[in-house]
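Please read the structure below before turning to the comments.
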Amino acid sequence: MTTLAETAPVAGPPRSRRLVTAARWLRSNLFSSWWNTLLTGLVLYGVVTFVAKALNWGVVDAVPFSGSRAECAAASGACWAFLREKANLVLTGTYPEPERWRAYLASAVMIAAILAFAKAPIGVAGRAVLVLVSGVSAYLLLRGGVAGLPVVESHRWNGLPLILFLSAFSMAAAFPLGVVLALARWSGQRGLSLFAVGYIEAVRAIPMVAVLFAGIFILPLLLSRGAAIEPVAAILIVLTLFYAAYFAEDVRGGLQALPKGQTEAAASLGLSSAQRTRLIVLPQALRTAIPGITNSIIGSFKDTSLVAIVGMHDLLSTARMAYADPQWQAYSLEANLAIGLFYFICCWLISERARRLGHGAVKAR
Amino acid sequence: MYSYIIMLSTRDPASEIVPAPGSQAFAAGVLKEPSPPPPGAPLRERLHRLLWPLVVLLGLVGLGVLGARNVTANLAAAGMEIDFSFLWQQAGFDVSESLITYSPRDTYAYVLLVGILNTLTAAAVTLVLASVIGLVVGIAMTSSNWLVRNLARLYVELLRNLPKLLIVIALYVALVRGLPHIKAAWTGPFGAMLSNRGLALPSPMIGHGGLWLALAACLWLVGWVFWARAVKRHQDATGQRRPVALPVLVAGLALYAGLTMSGLVEIGWSMPKLTGFNVSGGIGLSLQFAALVLALSVYHGGQIGAIVEGGILATSRGQHEAALALGLSRLRTMRLIVLPQALRVITPPLGNQYSNLLKNTSIALAIGYSDLLSVVSTSVNQTFRPIELMTLVALFFLIANLLISAGVNWCNHVFRIRGR
């Protein structure tokens, strides 16, 4: 190999050698045996037919966003014009038309807050303030009743702002609660640990749909007589309680991986138990738990869509409203693809961010 | 370092003001602290350790008592109390499908049983399908074929990032809209009928001689076990392997043919037929059931695939190479060497997946399949007894989860590395 490299011209390897490398790669990765060759052939055929059909449907025969319903009825492919026509309905649902800008503004506030939460160097206290400020402003924007904005009932908060509101703030509240639960389980205090174990295991055994039902039907009964709670608030509370158990389980993994010597060393340095937890235990345990926590964040974000089952109109059900319109009935696939793309991009961004965080953590060591 | 200093100094009431970051303040903070811990925890810390849990627990108990009092007060105001006797009243609503005969005149307890059976059926079928998909995808992810490997990865990554409810609803809507109306149902081979109501298949009906059939089946199974043992003994003694699957299959077919042709057993087929707007005869598979099971299988298949991949990658490469060097075929290497070892790694997360799968059948409510939760939701709306009904639901899932973890523990015990 060295002699070859030495005699090779400066301008790079000759074309024939590149071809040989490519052929070798193809041979070892696609045609290494008759079985692999057959498999490659079959899979390639399947992929090519699928991609060709999808391209035909989605691009060649499709009606672009600027099209009209008449064009859609005549075309055999996808009707992207449907998405433009129904964009407001899918994103904000039944939020009153003249107030729609508030739903969009609230969404923008929450997205900005989520980005700042993930990226800005503001520490734990800064993040708590951020959550509080963005939560209150999003709530006031959606709800109205201040600064001359007309009140919009919470059952009309639909689509994007609802999904952002529920998932962002339930997780923001559930994570600290989960950390506390995990610490209680880990603490070695028998009563606390027993309670934490019971809570975590019970919640993790019950399906989320059942928990949502409990929020709608049972939570109002727990309040003192005459007090009422809006469904959105009830769902926010039960989501928080539900996700906390999952976060607690992830953090527990990190706590278990922590060498005992760390806490002992901290104790021998004279740190109190609160200081040990805050400065020694949690930073290391949370760093180890990043993969699990990422999975739980993605899972929670996806599962927030289940609120559709108890009658909250999230993106899935606003999309359903859109293709329930008799005029646009045939285009459910387009709507579902768009929602799928939204979720895919969001979840992909979350895991990408977590991957960076993991690398940063390794470097910081 | 900065937060470290703050923590050290705030513990001391004398230095409430946070010092500026710097080595002097740090030194001062350290100096004010009793640096070596006294033998045994200091009294204050011991009090802390005792006091805090007590306060928290008391708070929780207080909240619980308050909640219970509110519940009884709220129920009393509505003239109700917690009472399970409504279970023996007539339910009065219909379900999408049922394994056992059900009519709206049956009781709430009975309709809950129907829901539980439906949940378990959907979960069992999904479990098998998802495991098969997961196994295939997991093996494909470790394939040496670039195209297959990356296609499998794409599948797993795609499903990791999509909500299951979206998959279920999209599939259901696509099936309802894509399949023909029942009047124009597609008829397949053997009289199978596919329409937007569901799939209808012919079902076997035993005319007479059921006893003979059962006897023959037992005989066949016993023969299978004996033959497999004989093959194993022969292989241990001589190293030669005789076929198992083919003779067993042939024997089974021969037994069946012998019984039916001699007239000892008569098997008729009930064919699905269109009567009015319904299909009668055969066995039906509703569209809701099919959409739920397919969507959940595809969803969990991706997750199980990732688990299987991890298990295979955890098996040392040398095992694989050694098996190939011994002349085992690729299929046997996978079946006899790699997968049994991977199974040990796979079992715990797989158990977790199965428990999730059972819980996830509850999204059936979105497409109108009568699983436990959708039956309960209707019952709650009719009786307004959410506490009693949700307690039963929680109880069911707690027991089911305990059983699943017992099963996983048993599997761990069976698959453990023996005698080393």
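The values are calculated or read from the model by the stated rules, or taken from the named source; none is laboratory data. This structure is a prediction, so every number in the text was calculated from the model and none was measured. Here the Cβ is made from the backbone with ideal geometry for all residues, glycine too, and neighbour counts use every protein chain on show.
Filtering segment B:198-211 to residues that are loosely packed, with under 14 Cβ neighbours inside 10 Å and at pLDDT 80 or above leaves only B:Leu211.
Could you give every pair whose Cβ atoms fall below 8 Å, whose first residue belongs to segment B:46-75 and is more than 8 Å from chain A (Cβ to nearest Cβ), and whose second residue is surrounded by 14 or more Cβ atoms within 10 Å (Cβ to Cβ) and among the aliphatic types (A, V, I, L, M), counting only separations of at least 6 or pairs across chains? Hits for this filter: zero, empty list.
A single entry from B:Val338, B:Val376, B:Val293, B:Val345 fulfils the requirement of being more than 17 Å from the chain's Cα centre (by Cα), in a helix (DSSP H, G or I) and within 23 Å of B:Thr119 (Cβ to Cβ): B:Val376.
Per-residue answers, yes or no, for (1) over 20 Å from B:Thr126 (Cα atoms); (2) under 26 Å from the mean Cα position of the chain (by Cα); (3) touching a residue at least 24 places away in the same chain (Cβ under 8 Å):
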| position | (1), (2), (3) |
| --- | --- |
| B:Leu165 | no, yes, yes |
| B:Val168 | no, yes, yes |
| B:Leu171 | no, yes, yes |
| B:Arg177 | yes, no, no |
| B:Ala184 | yes, no, no |
| B:Thr187 | yes, no, no |
| B:Gly191 | yes, no, yes |
| B:Gly198 | no, yes, yes |
| B:Met205 | yes, no, yes |
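A Cβ distance below 7 Å, combined with a sequence gap of six or more or placement on separate chains, defines the contacts here; from segment B:358-374, residues that are assigned by TED's automatic domain parsing to the domain that holds B:Leu292 and under 12 Å from B:Glu97 (Cα atoms) reach residues that are of a type in the set (A, V, I, L, M) and assigned to a loop (DSSP other than H, G, I, E, B) in the pairs B:Ser370/B:Val95.
Residues that are modelled with pLDDT of 80 or more and in contact with a Leu (Cβ under 8 Å, 6 or more places away or on another chain): find the helices (runs of 4 or more DSSP H) completely inside segment B:1-106 holding 3 or more of those.
Filter on segment B:1-106 gives B:43-77.
Considering segment A:51-168, the qualifying helices (runs of 4 or more DSSP H), each wholly inside and each with 2 or more residues that are in contact with a helix residue (DSSP H, G or I) (Cβ under 6 Å, 6 or more places away or on another chain) and assigned by TED's automatic domain parsing to the domain that holds A:Ser305, run over A:81-92, A:100-119, A:123-143.
Once segment B:175-232 is narrowed to residues that are touching a Gly at 6+ places or on another chain (Cβ under 6 Å) and of a type in the set (A, V, I, L, M), the residue that is nearest to B:Pro247 (Cα to Cα) is B:Met205. Of everything in segment A:333-342 that is crowded, with 21+ Cβ neighbours inside 10 Å and within 30 Å of A:Thr294 (Cβ to Cβ), the residue that is farthest from the other protein chains (Cβ to nearest Cβ) is A:Ala335. If you check A:Ala196 against the conditions, is it buried (at least 22 other Cβ atoms within 10 Å of the Cβ) and either without any contact (Cβ under 8 Å) to a residue 24 or more places away in the chain or closer than 22 Å to A:Lys260 by Cα (or both)? Judged against the criteria, A:Ala196 is a match.
Could you check segment A:213-290 for helices (runs of 4 or more DSSP H) lying wholly inside it with 3 or more residues that are surrounded by fewer than 16 Cβ atoms within 10 Å (Cβ to Cβ), within 13 Å of chain B (Cβ to nearest Cβ) and out of contact with any Cys (no Cβ under 8 Å at 6 or more places or on another chain)?
A:260-268
Per the listing A:Ser296, A:Ser351, the residue uniquely of a type outside the set (Val, Ile, Thr), part of a helix (DSSP H, G or I) and facing chain B (nearest Cβ under 9 Å) is A:Ser351.
Residues checked against (1) small (Gly, Ala, Ser); (2) out of contact with any helix residue (DSSP H, G or I) (no Cβ under 6 Å at 6 or more places or on another chain); (3) within 30 Å of A:Tyr331 (Cβ to Cβ); (4) exposed (fewer than 12 other Cβ atoms within 10 Å of the Cβ):
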| site | (1), (2), (3), (4) |
| --- | --- |
| B:Arg177 | no, yes, yes, no |
| B:Gly191 | yes, yes, no, no |
| B:Ala217 | yes, yes, no, no |
| B:Trp224 | no, no, no, no |
| B:Val231 | no, yes, no, no |
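Scanning segment B:379-420 for residues that are within 12 Å of chain A (Cβ to nearest Cβ), more than 20 Å from the chain's Cα centre (by Cα) and not basic (Lys, Arg) turns up B:Ser379, B:Val380, B:Asn381, B:Thr383, B:Phe384, B:Pro386, B:Ile387, B:Glu388, B:Leu389, B:Met390, B:Thr391. Residues in segment A:314-332 that are more than 11 Å from every other protein chain (Cβ to nearest Cβ) and at pLDDT below 90: A:Met321, A:Ala322, A:Asp325, A:Pro326, A:Gln327, A:Trp328.
In segment A:58-93, the residue that is farthest from A:Thr318 (Cα to Cα) out of those that are of a type in the set (Lys, Arg) and surrounded by fewer than 18 Cβ atoms within 10 Å (Cβ to Cβ) is A:Arg69. In summary, B:Val393 fulfils each of the numbered conditions (1) in contact (Cβ under 8 Å) with a residue 24 or more places away in the chain; (2) under 14 Å from A:Ala210 (Cβ atoms); (3) of a type in the set (A, V, I, L, M, F, W, C) with the single exception of condition (1).
Can you find a residue that is small (Gly, Ala, Ser) and either in contact with a Gly (Cβ under 6 Å, 6 or more places away or on another chain) or under 25 Å from B:Glu81 (Cβ atoms) (or both) anywhere in segment A:188-196?
Looking through segment A:188-196, none of the residues is small (Gly, Ala, Ser) and either in contact with a Gly (Cβ under 6 Å, 6 or more places away or on another chain) or under 25 Å from B:Glu81 (Cβ atoms) (or both).
Note on segment A:311-332: residues that are surrounded by fewer than 19 Cβ atoms within 10 Å (Cβ to Cβ), touching a residue at least 24 places away in the same chain (Cβ under 8 Å) and in a helix (DSSP H, G or I) amount to 3. Just one of (1) hydrophobic (A, V, I, L, M, F, W, C); (2) more than 34 Å from the chain's Cα centre (by Cα); (3) in a helix (DSSP H, G or I) fails for A:Phe31. It is (3). Starting from residues that are among the polar types (S, T, N, Q) and away from every other protein chain (no Cβ under 14 Å), keep the ones in segment A:155-197 and report whichever is farthest from A:Leu140 (Cα to Cα). Restricting to residues being among the polar types (S, T, N, Q) and away from every other protein chain (no Cβ under 14 Å), the top hit is A:Ser170.
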